[in-house]
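Report on one structure; see the data block that follows.
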Amino acid sequence: MSAFFDSISPNTEGSHTIAPLSDYAVIAASGDDALAFLHGQLTQDVTGLSPDAARLAGYCTAKGRLLATMVMWLAQATQADEAKPTDPRLYALVRRDLSEALVKRLSMFVLRAKAKLTLTPLHVAGVWTMAGKEASLEAAAGGALPTSPWQRAELPTGTWIAAPSVTGPRWWWIATDEQLQQAAALASLCRPGDADAWQAGDLAAGLPWVCAATQDLFIPQTLNLDLIEGVNFTKGCYPGQEVVARSHYRGTVKRRTAYGQLDSSTQAPAPGTDIYDAQHPDEPRGRVVNAARGGALFEIALAALDGGDLRVGAADGAKLSVAPLPYDLADGGHKR
């Protein structure tokens, strides 16, 4: 993707911004049993996935702890008489640092199923714009862009998935080498952005990403996956399902992921960094899930959010000021 981004002029002015997301990778699942296999592995309803949508999902251990979060969508339909066993049935966007291990682990459980998981060479970028300025971007992308979060469009330039946002419209853009070569209009229209700015948008929207440093630490509810439709409680069994369902139906979720703002001069803390309360410095109160310039998502006991003097890394570390998320942490997740 570097050649495409090298062609973007830093002097471009306008409402559209594009950034390479090299920290993300795309996994493909192929084979006649691919959808059924993943339906039995993930927290989301895979077999009921709409062709024009994407969905957030998690992959858990038997104890219900997340090994990955992902955005998944069906592969573009292939004519029945042209379909091949090797054709992708589903794609999943995951953090790159856990992608190889994730493919290896899932592949261990395929057994006799006709399913194969592979890492793809697809490129991932984040694109965002100002509300009301989508028309010129659509012209360059080759068609109408999805307007609601988690909706998807297949365009000549690639796959476009609308991302949750609290500012203006945002999309994940997934493209092949050939599609990048045909996207000169996008390169000339957009100004260059950076992955940190895209990540800041994910944080403000309350979208958590499990990475290698935070694998096996959180159950889906503590990362709010039940509040943002990342868990389907009626789909049937998957690894960790009993633990996740028990927490849901008994209402025993006492820890959640909150959003906090940091001073712009503070370096973004690494995932897994401890969160302390300066008023109770004896032990950590939570952990950083993801962070970028100026903010962080952090997992913490709900009781510690009210009136606490939260600090990053140590009891006298950088101050973390709790800010609202676009959804209610007390919702309980009974949406699906």
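Coordinate-derived values only; no laboratory data. Treat the numbers as computed from the prediction; the structure is a model and nothing was measured. Reconstructed Cβ throughout: ideal geometry from the backbone, glycine too, with neighbour counts over all protein chains shown.
The magnitude of the dipole of the stretch 212-323, with charges of +1 and -1 set on the Cβ of Lys/Arg and Asp/Glu and taken from the Cα centre, is near 300 debye.
If you take all other residues with their beta carbon under 12 Å from the beta carbon of TRP171, and give Lys and Arg +1 and Asp and Glu -1, the sum is 0. Fewest-first ordering of ILE27, ILE8 by other beta carbons within 10 Å of each residue's beta carbon gives ILE8, ILE27. Within the stretch 212-323, all pairs of alpha-carbon atoms sorted by distance into 10 Å bins from zero give the percentages 14, 43, 29, 12, 1. Just so you know, the averaged projected area of the alpha carbon convex hull for the chain sits at 17.3 nm². I want the local charge near GLY193. Using Cβ-Cβ distances under 13 Å, sum +1 for each Lys or Arg and -1 for each Asp or Glu among the other residues. With Lys, Arg at +1 and Asp, Glu at -1, the net is +1.
Once every DSSP H run of n ≥ 4 in the chain is given -39500 (n - 2.57) and the sum is divided by its residues, what mean residue ellipticity at 222 nm do you get, rounded to the nearest 500 deg cm²/dmol? It comes out at -5000 deg cm²/dmol, rounded to the nearest 500.
With a simple spin-label model that places each label point 7 Å from the Cα along the Cα-to-Cβ direction, the separation between GLN279 and SER107 comes to 5.2 nm.
Starting from one equal scatterer on each C-alpha and no solvent at all, send me the Debye-based log10 I(q)/I(0) for the stretch 101-190 at q = 0.10, 0.13 Å⁻¹, two decimals. Once normalised to I(0) and log-transformed, intensities are -0.34, -0.53.
Descending by average beta-carbon neighbour count within 10 Å, the peptides 92-104, 134-146, 290-302 line up as 290-302, 92-104, 134-146, the highest first.
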